Structures are given as structure tokens and as C-alpha cells.
1. Could you tell me how many of the residues in segment 18-46 are in the same structural domain as Tyr73 (by TED's automatic domain parsing) and among the basic types (Lys, Arg)?
2. Filter segment 27-85 for residues that are acidic (Asp, Glu) and either modelled with pLDDT under 90 or within 22 Å of Cys5 (Cα to Cα) (or both) and give the result.
Amino acid sequence: MSFICGVILYYLNEEDAFWMLVQLIKTYKLGELYMPGLPLLKSLISRLERLTQVLLPNLYLHFVRLLFTPLFYLSVNEASVINDF
């Protein structure tokens with residue numbers, strides 16, 4: 001979450017950054033990414049893996065052969081996009 005806070009603080013003053021973060025947490029469920037056990041994060045990783053398998057089967061098989069899991073390439077931005085599916 002520090003990455004998100006850092007970017008927000010770069011563009012906004014402290015108070016506006018705080019309220020922006022509150023809205024992000026409420027609107028995009030960012031707080032759920034950091035709950036004990038990380039259930040939302042695990043769900044998003046599974047979705048990303050399934051999307052890769054369905055939409056990019058050759059890439060998925062290549063990743064499987066290399067033991068390259070979504071944890072290696074998942075970022076906060078992709079998590080928000082995957083959540084929309």
C-alpha cells in the first residue's frame with residue numbers, strides 16, 4: 001500500500017491524500033487486499049491465472065513450464081482491472 005500512498009502524496013497535500021486513500025479503500029476495496037489471510041488477493045490471483053489460461057493459452061502453458069506464477073507479474077493496477085471481471 002506504500003506505493004499507492006507515495007504516488008498520492010506526490011500529487012496531493014497530506015489531508016487531500018488521506019481522503020483520497022479513504023475513498024480508494026472504500027470504492028475499490030483496497031482494504032480487503034490486506035486482511036488477515038489475504039482472501040481478496042488470493043481470489044484476484046486465481047482470476048488472473050484463469051484469465052491467462054483462457055485468453056492466452058500458449059502463454060499460460062509457457063508460464064506453467066517455467067513455474068512462473070501470477071505472483072511474479074501481478075501489480076496493483078492489474079488487480080483493479082481483474083476485479084472488474
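The values are calculated or read from the model by the stated rules, or taken from the named source; none is laboratory data. All figures in this text were calculated on a predicted structure; none of them were measured in a lab.
1. Qualifying residue count, segment 18-46: 1.
2. Scanning segment 27-85 gives Glu32, Glu78, Asp84.
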